[in-house]
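Just below is one structure, and these are the notes that go with it.
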Amino acid sequence: VLSTIMSQRTERRRGIHVDQSDLLCKKGCGYYGNAAWQGLCSKCWREEYQRVRQKQIQDDWALAEKLQREEEAAYASSQGVQTHPQSTPPHSGHTSLGPFSKFEEKKTNEKTRKVTTVKKFFSPSSRTAPKKETQEGKTPSPSVSRHASFETDQVSKDFVDFLKNLQKPGRDIHKQCRAFIVTMSNKKDLGADELSECVQDFYQNMSDRLMSHFKGSLDSVEQVMDQVEKYIMTRLYKSVFCPETTDDEKKDLATQNRIRALHWVTIQMLCVSMEEEIPEVSENVVNAITDIIEMDSKRVPRDKLACITRCSKHIFSAIRITKKEPASADDFLPALIYIVLKANPPRLQSNIQYITRFCNPSRLMTGEDGYYFTNLCCAAAFIEKLDGQSLNLSQEEFERYMSGQASPRFNSSEGDWPHTGSAPGMAATNPVLAQLSQNLELLSGLSSRQESLMEAAQSLQADLLSWPERVHREVQDILEKYPLEVLSCTVSAIDANNMDNDNLPPPLTPQVFAG
């Protein structure tokens, strides 16, 4: 029966299949792509971003130079008009200078704005004005501040202890990291993309220096880069996670409301190859939900990726136990979507963007971390575009479920989901109701056992209360049946004068032996 159900689910799976080639970079470099990077990997995206930015900088400089030339020409012409005031009537001169003043003011303002935009990319530090605004903003609670301060101090201590093994290169790395943190603290007015570019440039420069120091040892470089990322991002977390210059918070609320509206989606609609009635599968599902929720509590991108990886491995384990064979990529994505719908992770979009912007790019391009993270991005995008066709429903049914007018949990007999009988059909359609029924049976059995235990306890209490009376009554019966008789007797000393000597043995007489 299980194999038949699985085959039926596989036949009906239409809207959740994603070709593995779609997960790779669109430029064909072989690395994993990302929807936030328009389907490109981090390497290709940086190259494309730098190319567009360089072109924008060149256009800005060209416009600034053009405005400068126009302003100089206009200024020269105005100087020529002022040197011949007699040849121009006062009224006509005033009329001609008026429009020119407006033209000059407009061009000057536009040129200043463009030049400021250009200089922003080259300035080593930004203005310190926003720093005051940040200090005047909302401050976190004392408990949160103490926890964050303790964690930051502990990470700094661990980073210093790690660098001691590298001796002189370790001191240089620590000095560069501290200088970079100070520089980033003065660039809070930059956008999220500019902050990400600064961090990625620092990663790249640091990695190149480490490659020359360790002479191409990738393992040593990755080990040091992991510690560098942990130290830097722990210190910069509050200023770069979900910054005010982005709409990450708005996207978080939209995703959270969307998942809440999809609470009616069942595991059968997504064609997930998991049977939650199996205890081992249910335990893996709970662990996967816990891991994906725990992602928001981490501060380092690598630690957030580790939560995603653990969640994915629990999903693969649940599928393997259900199918009794290794899980495939086609089974994984629907299961991941189901876990995300059940967990509704806090600040999902902000965490995805944070990892995308500030994680070491080598982790997102290759390896299991990059694969699982790419699938999570696909799952989030799928949930945003989820429709009736993806769930094998008509548009009318989908809209009724979304509006709350109907629920598949109560009219499962009208659907196409497999069922045999009333209770088995309900269990096959809705594992939550099956689990609830099983829990009710367990509670009923516990209730019966408790009643039996209470009856035995009451019987024991009655026996303990009646036992002293019964023992007292038995003792009284024995005393009445066998009364105690005390006989009087005279006791005399053995050497008394009036002692009857007849009963005594004769006295001993001394005997003499001849020597």
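Do you know which residues across region 161-197 are in a loop (DSSP other than H, G, I, E, B) and either more than 23 Å from Val224 (Cβ to Cβ) or touching a Pro at 6+ places or on another chain (Cβ under 6 Å) (or both)? Reasoning before the result, please.
The first filter runs over region 161-197 and keeps only residues in a loop (DSSP other than H, G, I, E, B), leaving 165-167, 186-191.
Residues satisfying the conditions are Asn186, Lys187, Lys188, Asp189, Leu190, Gly191.
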Fill in the blank from the handout: The residue from Glu399, Glu384, Glu368 that alone is out of contact with any strand residue (DSSP E or B) (no Cβ under 8 Å at 6 or more places or on another chain), open to solvent by 30 Å² or more (accessible area, probe 1.4 Å) and over 25 Å from Leu253 (Cβ atoms) is Glu368
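Could you check how many residues of region 291-304 are over 17 Å from Tyr231 (Cβ atoms) and either touching a Ser or Thr at 6+ places or on another chain (Cβ under 8 Å) or hydrophobic (A, V, I, L, M, F, W, C) (or both)? Even if it seems obvious, please write down each step before you answer.
Narrowing region 291-304 to residues over 17 Å from Tyr231 (Cβ atoms): 291-297.
Narrowing the set further to residues that are either touching a Ser or Thr at 6+ places or on another chain (Cβ under 8 Å) or hydrophobic (A, V, I, L, M, F, W, C) (or both) leaves 292-293, 295.
So the answer is 3.
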Exercise for the section: Inspect region 305-322 for any residue being part of a loop (DSSP other than H, G, I, E, B) and either in the same structural domain as His263 (by the TED database) or open to solvent by 20 Å² or more (accessible area, probe 1.4 Å) (or both) and give the result as yes or no. Expected result: no
Handout entry: When residues of region 219-239 are limited to those that are in contact with a Phe, Trp or Tyr (Cβ under 8 Å, 6 or more places away or on another chain) and among the hydroxyl-bearing types (Ser, Thr, Tyr), the one modelled with the lowest pLDDT
Key = Ser220
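Report whether or not Leu487 is in contact with a helix residue (DSSP H, G or I) (Cβ under 6 Å, 6 or more places away or on another chain) and at pLDDT below 80.
On the way: in contact with a helix residue (DSSP H, G or I) (Cβ under 6 Å, 6 or more places away or on another chain): no; at pLDDT below 80: yes.
No.
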Problem - Residues that are outside any loop (DSSP other than H, G, I, E, B) and under 30 Å from Arg235 (Cβ atoms), drawn from region 274-304 - result: Thr290, Asp291, Ile292, Ile293, Glu294, Met295, Asp296, Ser297, Pro301, Arg302, Asp303, Lys304
Practice task
Report yes if some residue within region 438-455 is at pLDDT 60 or above, under 30 Å from Asn392 (Cβ atoms) and surrounded by 10 or more Cβ atoms within 10 Å (Cβ to Cβ); otherwise report no.
Solution key: yes
Completion exercise
The condition from (1) of a type in the set (A, V, I, L, M, F, W, C); (2) touching a Lys or Arg at 6+ places or on another chain (Cβ under 9 Å); (3) more than 30 Å from Ala406 (Cα to Cα) that Cys271 misses is numbered (3)
Problem - Test set (1) surrounded by 16 or more Cβ atoms within 10 Å (Cβ to Cβ); (2) more than 27 Å from the chain's Cα centre (by Cα) - Asn205 fails condition number - result: (1)
Exercise for the section: Filter region 219-273 down to residues that are part of a helix (DSSP H, G or I) and open to solvent by less than 50 Å² (accessible area, probe 1.4 Å), then give me how many there are. Expected result: 20
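Could you please let me know if Gln227 is within 30 Å of Ile293 (Cα to Cα), assigned by the TED database to the domain that holds Phe382 and in contact (Cβ under 8 Å) with a residue 12 or more places away in the chain?
Working: within 30 Å of Ile293 (Cα to Cα): yes; assigned by the TED database to the domain that holds Phe382: no; in contact (Cβ under 8 Å) with a residue 12 or more places away in the chain: yes.
Judged against the criteria, Gln227 is not a match.
The values are calculated or read from the model by the stated rules, or taken from the named source; none is laboratory data. Everything numeric here is computed off the predicted structure, so don't read it as measured data. Cβ coordinates were reconstructed from backbone atoms using ideal geometry, including for glycine residues, and neighbour counts include every protein chain displayed. SASA here: full protein model, heavy atoms, side chains in, ligands and nucleic acids out. Shrake-Rupley method; radii C 1.70, N 1.55, O 1.52, S 1.80 Å.
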